[in-house]
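Take a look at the structure below.
The values are calculated or read from the model by the stated rules, or taken from the named source; none is laboratory data. If you're wondering where the values come from, they're calculated on a predicted model, not measured in any experiment. Because the Cβ atoms are built from the backbone with ideal geometry, glycine has one as well, and the counts that use them run over all protein chains shown.
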Amino acid sequence: MKNIPCAFSPKEKKYLLNSKECWLNILKGGMRAGKNVVNSFAFCLALETSPSYVNLIAGVDQAAARINIMECDGFGVLNYFHGRIRPGKFEGKDAYYVQAKVGERVIIVAGGRKVSDAAYIKGYTIAVAYITESNECHPDFIEMVLTRTWSFGNRRRVFMDLNPKAPNHWFNEKVINRHLDEQRKDSTYGFNFDTVTMADNMSLSNETIRSILKTIQRGSIEWDRNVLGLDKVAEGLCFSPFAKHIEDFLIDKDKFDKNSIVNIAVGVDWGGNGSQHTFVCRGYTSNYREVIFLASEIVIAKGLTPDELYKKYVEFVQKMNTEYCLHLNPNGTRIRLKISTFADSAEQTLINGLRVASKRAYLNNEIYNAAKRPINDRIRLINLLCGQHRVKLIKQDTKSLQDAWSTAVWDSKEAELGNDVRLDNGTSDIDTCDAAEYTIERDLEKLQAMG
Ligand SMILES: Nc1ncnc2c1ncn2[C@@H]1O[C@H](COP(=O)(O)OP(=O)(O)OP(=O)(O)O)[C@@H](O)[C@H]1O
Ligand SMILES: [Mg+2]
């Protein structure tokens, strides 16, 4: 071993000790709690004496398995078996060969997010398996892994880790609660389960913990899940930090110093049947300190020709150009900010149309495809920024964005199934939410780090 892990907490020690006796070992909890470090270590100990030649590591995809289990920030399987492990292929599949105490062992690397992933490991008998972020994997994949280990009875070792989701998420019901029931009925059943938080990770200094906590909105669903490690339903308003105190986020156009803006972007979401086209413009102050939403506009899609749409876009950008792009420095020099547009990539023809129209109008802008990062990451970012009071909206020109953020809600039907999905049935203006998110999603890491 190159890196020696730091001391395990009493809870982690108990989990490691129990894993010697138990066939199913699950660590659930908040972020940076040490779940991967502890489970990777337990997996290696089990692999040393694995009764089968074939063993398994998995995550939502192969990369997740490699990063969380093989690498694990220097404390993973590669570290433990340093000098005794080499990558290779096993029956055409990505794998690692390990010289364990009892001889050579192979570890197949698998992805488990898709329903088709179950077939990848069908037919193997596996004794030691570790599935990271297991509640993000497909239920059929989890079932398949458990089935593939049956023949080893209580000599098999299955490890899993997961972050909390909704209380009624399928993983809680089908896996954790089911095996907890069995364990209650028979104390020798072999289910080792524990919940952990950052506080159980002895390697984190108070300063590190404080800097992690700064990136999460206190009282939000992420706080409950990622910090406290609790299951929590996503219900009610998506942007509650904003919607509950709208006035706090509005600034008067006349009182706003446009020279504080150093970067400007426009987000475009395309409407279609029943929905609308939306434009949102935002500015950043220096160092990603503040995000100022300058204007938002809705363009009714019905009956509008593409040319009419391009004209509306050109007018919107021209207005932003005139109002916010020309800055006079105190020394008398002038700078003109260039506008970047991020448009929903689903409509390449319309994007090309915007490019042509922009050129013809001599607009000072560049048009890119929106990154379209996961919606929940975008929502989390906005809530974080609102929680840190780093978001402002120009009161007079962002009416549609104010309405959109104060009415967006989580889908209660999906919540019953344990899923976090923003309701998109036409009752709220998701199109404006999307356009606003396209203007900041690419900078998620930088905005977060600035907190
Ligand atoms: N025993 C330990 N010794 C040294 N470092 C540790 C130890 N446990 C955890 N760490 C450090 O803490 C970091 C977080 O641990 P880990 O990745 O296992 O957390 P996690 O619970 O899987 O978090 P997440 O839910 O965010 O994936 C690790 O990258 C590692 O640097
Ligand atoms: Mg992890």
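Observations, loosely collected:
- Matching residues, the stretch 152-169, being at pLDDT below 95 and part of a helix (DSSP H, G or I): 153, 154
- Taken together, 172, 163, 168 contain a single residue that is within 21 Å of the chain's Cα centre (by Cα) and either within 16 Å of ligand 1 (Cβ to nearest atom) or under 24 Å from residue 47 (Cβ atoms) (or both), which is 163.
- One residue alone among 13, 20 is free of Cβ contacts under 8 Å to residues at least 12 places away in the same chain and surrounded by fewer than 16 Cβ atoms within 10 Å (Cβ to Cβ), and that residue is 13.
- Taking (1) within 18 Å of residue 434 (Cβ to Cβ); (2) touching a residue at least 60 places away in the same chain (Cβ under 8 Å); (3) out of contact with any Asp or Glu (no Cβ under 9 Å at 6 or more places or on another chain) in turn, residue 269 satisfies each apart from (3).
- All strands (runs of 3 or more DSSP E) inside the stretch 218-331 with 3 or more residues being over 31 Å from the mean Cα position of the chain (by Cα) and surrounded by fewer than 17 Cβ atoms within 10 Å (Cβ to Cβ): 326-328
- Qualifying residue in the stretch 69-88 (condition: away from ligand 1 (no atom under 14 Å from the Cβ), touching a residue at least 24 places away in the same chain (Cβ under 8 Å) and of a type in the set (A, V, I, L, M, F, W, C)): yes
- Test: residue in the stretch 152-160 that is within 16 Å of ligand 2 (Cβ to nearest atom) and under 21 Å from residue 226 (Cα atoms): yes
- Contact map, the stretch 23-46: first residue in the same structural domain as residue 136 (by TED's automatic domain parsing) and among the acidic types (Asp, Glu), second residue near ligand 1 (Cβ under 8 Å from one of its atoms) and in a helix (DSSP H, G or I), Cβ cut-off under 7 Å, separation 6 or more or different chains; the map is empty.
- Failed item in (1) surrounded by fewer than 22 Cβ atoms within 10 Å (Cβ to Cβ); (2) more than 27 Å from residue 224 (Cβ to Cβ); (3) touching a residue at least 24 places away in the same chain (Cβ under 8 Å), with residue 56 passing the rest: (1)
- Elements of type helices (runs of 4 or more DSSP H) contained in the stretch 376-451, each with 2 or more residues being at pLDDT 90 or above and within 21 Å of residue 343 (Cβ to Cβ): 399-407, 430-438, 444-450
- Residue check for residue 131: surrounded by 13 or more Cβ atoms within 10 Å (Cβ to Cβ), more than 16 Å from ligand 1 (Cβ to nearest atom) and of a type in the set (Val, Ile, Thr): no
- Some residue of the stretch 273-283 being of a type in the set (Ser, Thr, Tyr) and modelled with pLDDT of 95 or more: yes
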